[in-house]
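Reviewing the structure listed below.
The values are calculated or read from the model by the stated rules, or taken from the named source; none is laboratory data. In this text the structure is predicted, and so the values were computed from the model without any measurement. Here the Cβ is made from the backbone with ideal geometry for all residues, glycine too, and neighbour counts use every protein chain on show. What goes into the accessible areas is simple: the full protein's heavy atoms, side chains included, and nothing from ligands, DNA or RNA. Shrake-Rupley method; radii C 1.70, N 1.55, O 1.52, S 1.80 Å.
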Amino acid sequence: MSSILATTLGRDFGKAPSVNRAVGEISLEIPRGELFGLIGPDGAGKTTLLRMMAGLLPPTRGSVRVEGIDPFGKEADHARDVIGLVPQEHSLYGDLSVGENLDFFADLYGLTGDDLRTRRDRLLSITRLGPFQARRASQLSGGMYKKLAVACALLHQPEVLLLDEPTNGVDPPSRRELWELLYEFVEGGMTVVVTTPYMDEATRCHRVALMDRGEFIALAPPQQLIDSLDAAVLEVALASVPEAREKATAVVEASPLVVASSPLGASLRVVVERGNEPAVAAELAGLGTLVPAAASFEDLFLTAIARRERDAKSSTARKEAA
Amino acid sequence: MTVRSIVVEGLGRRFGDFVAVRDVSFHVEKGEIFGYLGANGAGKSTTIRMLSGLLEPTSGRALVAGHDIAKAPDKVKASIGYMSQKFSLYLDLTVRENLEFFGGIYGSWGRALSRRVDETLESIDMRSLAETSTAALPGGLRQRLALGSALFHKPPIVFLDEPTAGVDPASRREFWKLIRGISSAGTTVFVTTHYMDEAEYCARIGLMVAGKLVALDTPAALKSEWVPGRILRFEGEGLVRALSEIRRTHGVVEAQSFGNGVHVRFDPGHTTDQSVLAAVAALPAVKVRLTEPVEATLEDVFLAAADRKAEDAVRGGAS
């Protein structure tokens, strides 16, 4: 059975004539135990989609089922039992301690007894928050706060965990810890859906959907998406002249032939449409040479977004010309 | 001659028994992009608040644009621009109105104000969006507008505290283009970030761990000091679960999961690429799909520094 099933799911905001189609028509099936990533630029509709899955925002069209339940139907209360949500905004009580926040969420879900105690202890131990039980939530660092939010969302043993940018503003060591937790959960059979602006995290998901302007523009395992990139990915091997990187960066950013560029350690990498490599190499003459490099998820993301923008611009230009 | 924009000597801040910043010293040159990195709670924001004249230090001293932060905090405030992750814009105002509002705070009015608003819009590349409601802007553009507000009064120094948190890569790239632009125009940029690829654009980086500045250098020098040796990247199956076995392999200094693969660092004086590869491939339940040498990243530096500090704490007991 699929854990999450969306059928032509969509959501509009605002009234005619200025309707904003935040999520167009999305159909999606996520099997149980999958770690699924939603990746896209700001305003792509990721949060709106996640909120519909969580039963917090009714769709304008289509439907969604979570573990077979319609979160907007008669069994809505039951949906809350199977779903855990870690929202982007602060969701905990800052003036309550770590322990008190857990107790509060336990009360909210009507949890009591030995099961709760075992579960509470286990969550405190895997999040390593045990020693900080008495600390107020408002005094926690970003990483610890997010881990507490995850622990609170898991107290009632949901089958599905939805996380909206859980690692936003979290430092690298804590980010790594949080992902290790997610792996542990999916290995135990939980379904996890996560949104993130970090491209290295996208590659850690089983499957990812690349989202832009309310639609999925690609959906596959991350490595498959990277392999499918039909453009040349090149590293600029910098010449040993003063400020080579600064100058090369300026050239690359100004060049209409470069689809996307990103820093690569002390150097930089570029994505160019096939066939344009010699022309870009000529622009960089004296500053560095181009050598082929392995594509990354970031190259894929930047290229997909840049191409869509270019296409949107040229279609507007055509309309204006007509 | 280089001009020092910021000079910090033995700076510290205590909150009751808790030492948030301990004996920090460094300087930042005019027009430099200086990165200040560290884990959440390492003391970055406390340092910035002191250097902005918002919080008095409990020890040491600092000069910002030539003004002593403890003796002349108002002069410090007038010399700096500040933008944080939770920047404040008025969502019900248009882009232009937000800038006019900021200009008003700094005592600008009339024709001078409207000229400066136009200049600022130009510098953040948002002229065509001047009459747009701020609420309608996506996150990346709001960030740019916040930067424009911070630069409105032409401060010689700007503090950016996690300016790109939660922003997608394309918008982050645009934002950094602006940062490099203001730096080459002579403005000193002091920036914190959790994105290690952005940190690569800093001329020098200070790394804070638990209130102390544990490292300060160029990105390249930090890498050779903190993560010496050679790194091989492995991709395939069963690697993450085999990390502790990989770490026990002869010559291996460290092994960590990284993106969808594993980075194995070893001492080339003790072993070779071939023997490390053979040892990893021979582990049960491991299937290696790809191996390539990689350059150390600042994330490696960050993790190494955090680890070493944790080891020191264990060895040194309560100290």
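Worth pointing out:
- Whole-percent pair-distance distribution, where bins are 5 Å wide, for the alpha carbons of segment B:143-228: 3, 12, 23, 24, 17, 13, 6, 1, 0
- Relative contact order of chain A, defined on C-alpha pairs under 8 angstrom at six or more residues apart (%): 18 percent
- Based on the Kirkwood approach, the hydrodynamic radius assigned to the protein assembly as shown is 26.5 Å, with every pair of different Cα atoms included.
- The charge dipole of segment B:228-295, taken about its Cα centre with unit charges on the Cβ of Lys, Arg, Asp and Glu (plus for the first two, minus for the last two), comes to roughly 160 debye.
- Spin-label proximity, residue A:90 to segment A:131-147 - amide N less than 14 Å from point 7 Å beyond Cα toward beta carbon: A:136-146
- Fraction of the pair-distance distribution of segment B:1-91 above 23 Å, Cα-Cα pairs, percent: 23 percent
- Were the residues from residue A:159 through residue A:141 laid out at 0.36 nm apart, the gain over their Cα-Cα distance would be 3.7 nm.
- Modelled FRET efficiency - R0 35 Å, residue A:281 with residue B:277, Cβ distances, 0.05 increments: 0.60
- Heavy atoms of chains A and B lose about 3000 Å² of accessible surface on contact, summed over both sides with a 1.4 Å probe.
- Nearest-ten-degree value, helix A:142-154 long axis tilted from longest Cα axis of chain A: 50 degrees
- Kirkwood Rh in Å, taken over all unlike Cα pairs in segment B:228-295: 11.5 Å
- With distances taken between every two different alpha-carbon atoms, segment B:190-275 has a Kirkwood hydrodynamic radius of 14.8 Å.
- Percent RCO, i.e. relative contact order, over chain B, from Cα pairs under 8 Å lying at least 6 residues apart: 18 percent
- Charge dipole magnitude, Cβ of K and R +1, D and E -1 - the protein assembly as shown, Cα centre, debye nearest 20: 1100 debye
- Rg over Rh for segment A:116-162 works out to 0.96, using Cα positions for both radii and the Kirkwood form for Rh.
- With a Förster radius of 41 Å applied to the C-beta separation of residue A:224 and residue B:91, the computed FRET efficiency comes to 0.55.
- Residues B:44, B:287 ordered from highest to lowest accessible area at a 1.4 Å probe: B:287, B:44.
- Relative to the Cα centre, the charge distribution of chain B, modelled as +1 at Lys and Arg Cβ and -1 at Asp and Glu Cβ, gives a dipole magnitude of about 520 debye.
- Taken over chain A, the ratio of Cα radius of gyration to 2.2 N^0.38 Å equals 1.16.
- Förster radius 22 Å - calculated FRET efficiency between residue A:184 and residue B:225 (Cβ-Cβ, nearest 0.05): 0.05
- Spatial extent of segment B:108-179: Rg and Dmax, with the Cα atoms as the point set, Å: 12.6, 38
- Just so you know, the averaged projected area of the alpha carbon convex hull for segment A:209-322 sits at 8.4 nm².
- Counting only other chain Cβ atoms within 10 Å of each residue's Cβ, the peptide B:22-31 averages 0.
- Stokes-Einstein translational diffusion, segment B:4-223 - Kirkwood Rh over all Cα pairs, 1.567 mPa s, 4 °C, in µm²/s: 73 µm²/s
- Computed accessible area, residue A:310, all protein chains, 1.4 angstrom probe, square angstrom: 120 Å²
- When both segment B:37-81 and segment B:183-250 are represented by their alpha-carbon centers, they are found 26 Å apart.
- Selection among A:126, A:3, B:117 by position relative to the dipole of the protein assembly as shown gives B:117 as farthest towards the positive end (Cβ unit charges, Cα centre).
- Its Cα gyration tensor gives segment A:113-193 an equivalent ellipsoid; the semi-axes, largest first and in whole Å, are 19, 17, 10.
- Loop GluC sites (Glu not before Pro), segment A:175-272 (other Cβ atoms within 10 Å of the site Cβ: 15 or fewer; DSSP): A:243
- Of B:154/B:177; B:77/B:177; B:223/B:287, those spanning more than 20 Å from alpha-carbon to alpha-carbon: B:77/B:177; B:223/B:287
- Per residue, chain B reaches -10500 deg cm²/dmol at 222 nm when only DSSP H runs of four or more residues are counted, each adding -39500 (n - 2.57).
- Sequence ranges B:131-143, B:105-117, ranked by mean other-Cβ count within 10 angstrom, highest first: B:131-143, B:105-117
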